[in-house]
Amino acid sequence: MKLYVDTAGKQMTVSKDPEPKVDQNGHQRSEKGTGRLMWSTQVIVLDETGGEVITITTAGEKPAVTVGQLIQVEQLEAIPWATNGRSGVAFRAASLKPKTGSAAGK
């Protein structure tokens, strides 16, 4: 089962340029099944309750977004994980795109 996050009413701003997602040996990871390269982008998410910094993984072309840019996140998925006594939530999206139109000014 996939857990998708409702991003309506949330302002998402890039806080660190997209970087290759690397494994423990420093090699860029690729998506299982497709071989598409994976990217990590740090984002600040703001809503009426405050803000949070998250890192979103995407696969394929490097996202064409830059620091300070408002973005639109397509199909944001929350992936709970637990390993070696640690746990958290990873985030993955189909794409990250610059926000356009009148909503970008809000």
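The values are calculated or read from the model by the stated rules, or taken from the named source; none is laboratory data. Keep in mind the model is a prediction, meaning the values are calculated, not measured. FYI the Cβ positions are ideal-geometry reconstructions off the backbone, even for glycines, and counts take in every protein chain you see. In case anyone asks, the SASA skips ligands and DNA or RNA and just uses the protein heavy atoms, side chains included. Shrake-Rupley method; radii C 1.70, N 1.55, O 1.52, S 1.80 Å.
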Count of residues meeting criterion [under 17 Å from ASP47 (Cβ atoms) and at pLDDT below 95] in the range 8-25: 2
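Within the range 26-41, how many residues turn out to be part of a loop (DSSP other than H, G, I, E, B) and open to solvent by less than 60 Å² (accessible area, probe 1.4 Å)?
3
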Output the residues belonging to the range 45-67 that are out of contact with any Phe, Trp or Tyr (no Cβ under 9 Å at 6 or more places or on another chain), assigned to a strand (DSSP E or B) and surrounded by 15 or more Cβ atoms within 10 Å (Cβ to Cβ). VAL45
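In the range 6-25, which residues are open to solvent by less than 50 Å² (accessible area, probe 1.4 Å) and farther than 20 Å from VAL65 by Cα?
ASP23
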Name the residues in the range 32-48 that are of a type in the set (Val, Ile, Thr) and either touching an Asp or Glu at 6+ places or on another chain (Cβ under 7 Å) or at positive phi (or both), would you? VAL45
Count of the range 83-98 residues which are open to solvent by 80 Å² or more (accessible area, probe 1.4 Å) and farther than 20 Å from ARG29 by Cβ: 3
